[in-house]
Amino acid sequence: MSNPLLETHELPPFSKIKAEHVEPAIDTLIEQNKQAIETLLDSLDQPTWDTLVRPLEVLDDKLSQAWSPVSHMNAVVNGPELREAYNNCLPKLSEYSTALGQNERLYQAYQAIADSDAFAALDFAQKKVINNALRDFKLSGISLAEDKRKEFADLKKALSELTSQYSDNVLDATQAWNKLITDDADLKGVPENALALAKQAAEEKELEGFVITLDFPSYFPVMTYCENRELRKEVYEAFVTRASDQGPFAGKFDNSEKMNEIIKLRHQLANLLDFDNYGERSLVTKMAETPEQVIGFLDELAEKSRPVALQELAELKAFVLKEHKLEDLDAWDIGYYSEKLRVHKYDVSQETLRPYFPVNTTVKGMFEVVNRLYGIEIVQNDTVDTWHDDVIYYEIKKDQATVGSFYLDLYARANKRGGAWMDECKVRRSKEGDGIQLPVAYLVCNFTTPVGNNPALLTHDEVTTLFHEFGHGLHHMLTKINYSDVSGINGVAWDAVELPSQFMENWCWEEEALAFVSGHFETSKPLPKDLLEKMQAAKNFQSGMQMVRQLEFSLFDFQMHSQYNLDSPKPIQQVLDEVRDRVAVIKPPAFNRFQHGFSHIFAGGYAAGYYSYKWAEVLSADAFSLFEEQGIFNRETGQLFLESILEMGGSKEPMELFVNFRGRKPEIDALLRHTGINEAV
Ligand code: ZN
C-alpha cells in the first residue's frame, strides 16, 4: 500500500492523507530513525558537524515533515479516525524524543565536537546548535553521576505526578460546583449568548432554568454583567477558592500540600543541576539572565504603574458612588462596575468597526505593510493542494525569488480547533547536495464566515489577531539561517518569541497604516479618525490596574521559585501577601485562594516564567518605538529589523539581536507610553 506520508513531496499532499496512513508512517519513520542513529553512532570515531549533526537533522526533518501535516489536520479538519490515529502517535513520539534526550552516546558525540579543534571553525549558528544541544542534554540530567541521576529521575517522576494531581484537583473542583437559577430575574444584565449557554447547561442536566458553572464562559459574564450582587459574590467565592482549604468545598480538592511539595521538589531539582534555585534553572533557556534582573524589571514596571492604577481605582470608586450610590467596592464588584464605567466612557463596540475591515482589504493591506517595511511581495498561488476550499496558499517573493510560503486558513468551521495560531509546515535548512529547503507556515484563524453576498467583515480585535499571527509567520518564513534547530522560530528563547508577533500588532493602531488596512465594504472609506481615537483611548482603559495585576502574578511566581529556602520555606500565602503589599491596588478577601488554581505556574510550562508576557511586551513596544521615531514605514528601519531579528531566528542570544537592532538594551518607557501609563502620571 502506498503511503503519501512516506513519500517525498515539495508540499504535503493534503487531499491524499488519510487517517489510516498516520500510524504506519510514524511507526516506520521512528523505527528507521532509531536504527539510523545507532548505526551512525557505531560508525563515528571523531564526530563532526558533517558526520553527526547534519545526518541527524535530515532524520529529524523527515519525521517532522510527516508529522506536521498530520498534527495540523488534526487541528483543522478533525474527525474521529484521525483523532485516534493522532492520539496513538503522541506517546510514541514523546518516548522517541525523551530517549534521544537521554542518549548518553549522543551526548558524548556532541561533547566531542564541542571539544574538538574543528569547533572553532564552525559558524556562529552552528556553534549555537551544538551549545543548545549540550545545554538541553545537561538539563535532562545526563551529565550527573550515577546515584544523582537516579535522584534526578525520581524527582522528575514525583513532580510530574504532583503537577498532574494539581490540575486534576483544579478540574474536579471546577466541575464540582454549579448553581441552578430558576428565576431569570436573578440573571438580569447577563448577555443573551451567556444565558443561552446557562440554559443549555440546565437542559443537559434535565433541569428547568439556568445553570451557572465555574467554566470561564459561564463565570466571566456573571462577574462582568450580572446585576445581582449576592449571586456575584457567591460565584466569586466558589471560583477563587477552587481546590483549596476555603469556600464551598473547603478541604475536598485541596492543593495546599501539593503546592508546597511542587515548589520544594523544583528547588531540589535545580540544586541537583547545580543551580541555586529554580528561578536560575528557568532562566537558562530564556533571554533574561539573572533572577535579580527579572525582579528588578518587574519592580520597575510596578513602581511606574502603581500610581496610575491607584488613580484608576479612585476614578472607579467615584463613578460607582456617583452613579450607583455604592460606598464600598468588594472584589466581586470590580469587574462589574469597571464594565459599566468602560461603556460610560468609551462607547465603541467591536461590531461598529466590522464594516471597515472587509477581509480582502485587510489582508491586502497587511501585505502592503510588510512590502513597505521589508520590500517583499506576497503572491497567491492557486495550484497547491490544501485541506479545505477556504484555504489560500501564498508565496513570499524578494527580488523575484521565492523565500518562503504559507497557507492562510481564516474562517471558523465545524471540526476546526478554536483560536488563532501559526505553526511550521517546513523549516528552512540547507538540503543534501546543495540548495535550500524553503520555510512554509500555517496561519490559522477562526473568523466569522462571510454571510450572503457580503465579504467577511472583521472586528478590530480580529485584525490585530491576524497581524499577530502573521508576525510569528514572518519570523519563521523570512529567516536566512540554514540549520533547522535555530532557523525561524526554532531555538528562540521563550520570553523573546512573542517579539515579532506583538510587534506587528502596532500597525493596526496607526492612522497611516489604517488608511489602506481598513476600507468600508460599501464606500471604501478608511476608518474615520474620531473612531480610531476612541479605540485608542478604550484600549488603555484601566491599563494601570491590569498591569499591576499581571505584575502581582509574575512577582509571586518568580519570588516563590527563586527565593525558596529549603530549611525554612516561607508559606506560599505569605509570599503572595508580601507581593500584594508591594504592588497590588486591590486586596482580595482573606478567603481568596487564587494560587490554588494558578495552573500556568503550578502545572503548566510557566513556572518561574510568567514574567515572559510582560518581558515580550517591553521588547515589542521598544522595538516599535524606533519606527515611531523614524517613520512607521521607514524602509531602512524595516531592513534593520529584518536583518537583526527576523532573519536571525534562534541563531544568537536574543539580547544580542535586540541590541543590534535598537542600539541599546530594552527599556520600559515605550510600553508605558503605549499603554497610557506615562501620560497619566
Ligand atoms: Zn503569539
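The values are calculated or read from the model by the stated rules, or taken from the named source; none is laboratory data. Given the structure is predicted, the values throughout are model-derived calculations rather than measurements. Cβ coordinates were reconstructed from backbone atoms using ideal geometry, including for glycine residues, and neighbour counts include every protein chain displayed. The accessibility values were calculated without ligands, DNA or RNA, using every heavy atom of the protein model including side chains. Shrake-Rupley method; radii C 1.70, N 1.55, O 1.52, S 1.80 Å.
Considering only protein heavy atoms, what per residue accessible area in square angstrom results for the chain with a 1.4 angstrom probe?
Details: 30730 Å² over 681 residues.
Accessible area per residue: 45 Å².
Dipole of the chain (Lys/Arg Cβ +1, Asp/Glu Cβ -1, origin at the Cα centre): which of Val190, Pro91, Ile130 lies farthest to the positive side?
The one lying farthest along the dipole's positive direction is Val190.
For the range 316-434, take the alpha-carbon Rg, divide it by the Kirkwood Rh, and send me Rg/Rh. Don't skip to the answer; put the middle values down first.
Working: Rg = 23.5 Å, Rh = 19.4 Å.
A ratio of 1.21.
More than 22 angstrom separation, counting every C-alpha pair in the range 579-681; what % is that? Please list the in-between numbers first.
Numbers: 2603 of 5253 pairs.
So the portion of pairs separated by more than 22 Å is 50 percent.
Report, to two decimal places, the Cα Rg of the range 31-143 normalised by 2.2 N^0.38 Å (N = number of residues). Could the numbers behind the result be given before it?
On the way: Rg = 16.5 Å, N = 113, 2.2 N^0.38 = 13.3 Å.
This ratio for the range 31-143 stands at 1.24.
Is any helix in the chain, taking whole DSSP H runs, at least 27 angstrom long along its axis by alpha carbon and on average at least -0.5 on the Kyte-Doolittle scale, and which ones?
Details: long enough: 19-43 (37 Å, -0.32); 54-76 (32 Å, -0.27); 80-101 (32 Å, -0.60); 146-176 (45 Å, -0.99); 291-324 (45 Å, -0.08); 543-562 (28 Å, -0.11); 612-630 (28 Å, -0.17).
For the chain, where a helix must reach 27 Å along its axis and average at least -0.5, the hits are 19-43, 54-76, 291-324, 543-562, 612-630.
Counting Lys +1, Arg +1, Asp -1, Glu -1, what net charge surrounds Glu498 among other residues with beta carbon under 12 Å of its beta carbon? Don't jump to the answer; show the numbers that get you there.
Details: positive: Lys614; negative: Glu469, Asp495, Glu505, Glu617.
With Lys, Arg at +1 and Asp, Glu at -1, the neighbours total -3.
Per q in 0.11, 0.15 1/Å, what log10 I(q)/I(0) does a Debye calculation on the alpha-carbon atoms of the range 505-598 return?
So the normalised log intensities are -0.55, -0.71.
About the Cα centre of the range 39-152, how large is the charge dipole given +1 on each Lys and Arg Cβ and -1 on each Asp and Glu Cβ? Please answer in debye to the nearest 20. It would help to have the intermediate numbers written out before the result.
On the way: 12 positive and 17 negative charges, 66 e Å.
Dipole about the Cα centre, nearest 20: 320 debye.
Please find the FRET efficiency linking Asp136 to Lys431, where r is the Cβ-Cβ separation and R0 is fixed at 30 Å, and quote it to the nearest 0.05. Could the numbers behind the result be given before it?
Values: r = 25 Å, r/R0 = 0.84.
That pair, Asp136 with Lys431, gives E of 0.75.
If exposed trypsin sites (Lys or Arg not before Pro) are those in a DSSP loop with at most 15 other Cβ within 10 Å, what is the longest stretch of the chain that has none?
Values: sites that count: Lys18, Lys188, Lys205, Lys252, Lys325, Arg413, Arg417, Lys431, Arg664.
The segment 432-663 is the longest one with no such site.
Among the listed pairs Lys397/Lys539; Lys157/Lys426; Lys570/Lys614; Lys398/Lys652; Lys92/Lys398; Lys317/Lys570, which are separated by more than 31 Å between their Cα atoms? Don't skip to the answer; put the middle values down first.
Numbers: Lys397/Lys539 35 Å; Lys157/Lys426 34 Å; Lys570/Lys614 26 Å; Lys398/Lys652 24 Å; Lys92/Lys398 40 Å; Lys317/Lys570 35 Å.
As for pairs spanning more than 31 Å Cα to Cα, those are Lys397/Lys539; Lys157/Lys426; Lys92/Lys398; Lys317/Lys570.
If you build the convex hull over the alpha carbons only and average its shadow over all orientations, what do you get for the range 590-646? Give it in nm² to one decimal. Intermediate values should be presented prior to the final figure.
Values: hull surface 24.9 nm².
The directionally averaged projection comes out at 6.2 nm².
Dipole magnitude of the range 177-255 about its Cα centre, charges +1 at Lys/Arg Cβ and -1 at Asp/Glu Cβ only, in debye to the nearest 20?
Roughly 240 debye, rounded to the nearest 20.
So what's the range 413-560 giving for Rg/Rh, alpha carbon basis, Kirkwood Rh from the mean inverse pair distance? Kindly include the intermediate steps, with their values, before the conclusion.
Values: Rg = 19.3 Å, Rh = 18.4 Å.
Across the range 413-560, the Cα-based Rg/Rh ratio is 1.05.
When averaged across all projection directions, what area in nm² does the alpha-carbon convex hull of the range 196-270 cover? Could you put the intermediate results ahead of the total?
Numbers: hull surface 27.9 nm².
For the range 196-270, averaging the hull's shadow over all directions gives 7.0 nm².
In the range 221-326, carbon and sulfur make up what percent of the accessible area (probe 1.4 Å)? If you can, show how the numbers build up before the last one.
Details: 2220 of 4730 Å².
The value for the range 221-326 is 47 percent carbon and sulfur by accessible area.
Under a point-charge model restricted to the Cβ atoms of Lys and Arg (+1) and Asp and Glu (-1), what is the dipole moment magnitude of the chain relative to its Cα centre, in debye to the nearest 20? Show your work: numbers first, answer last.
Numbers: 69 positive and 107 negative charges, 106 e Å.
Approximately 500 debye in magnitude.
Helix-only mean residue ellipticity at 222 nm, the chain, DSSP H runs n ≥ 4 weighted -39,500 (n - 2.57), per residue, nearest 500. What is it? Write out the running numbers ahead of the final one.
On the way: 27 runs with 383 residues, N = 681.
Theoretical 222 nm ellipticity from helices: -18000 deg cm²/dmol.
Considering the dipole of the range 328-420 built from charges on the beta carbon (Lys and Arg +1, Asp and Glu -1) around the Cα centre, which of Ala331, Ala412, Tyr346 is farthest to its positive end?
Final value for the positive-end residue is Tyr346.
Restricted to Cα positions, what overall size does the chain have along the principal axes? Three whole-Å values, descending.
81, 69, 57
With no solvent and one equal point scatterer per Cα, compute the Debye intensity ratio I(q)/I(0) for the range 70-226 at 0.15, 0.19 Å⁻¹ and report its log10, rounded to two decimals.
-0.98, -1.16
Ratio of Rg to Rh for the range 330-395, alpha carbon only, Kirkwood? Spell out each step's value before the answer.
Values: Rg = 20.2 Å, Rh = 16.1 Å.
Checking Rg against Rh, the ratio lands at 1.26.
In square nanometres and to one decimal, what's the mean projected area of the convex hull around the Cα atoms of the range 385-482?
Details: hull surface 31.7 nm².
Averaged projected hull area, Cα only: 7.9 nm².
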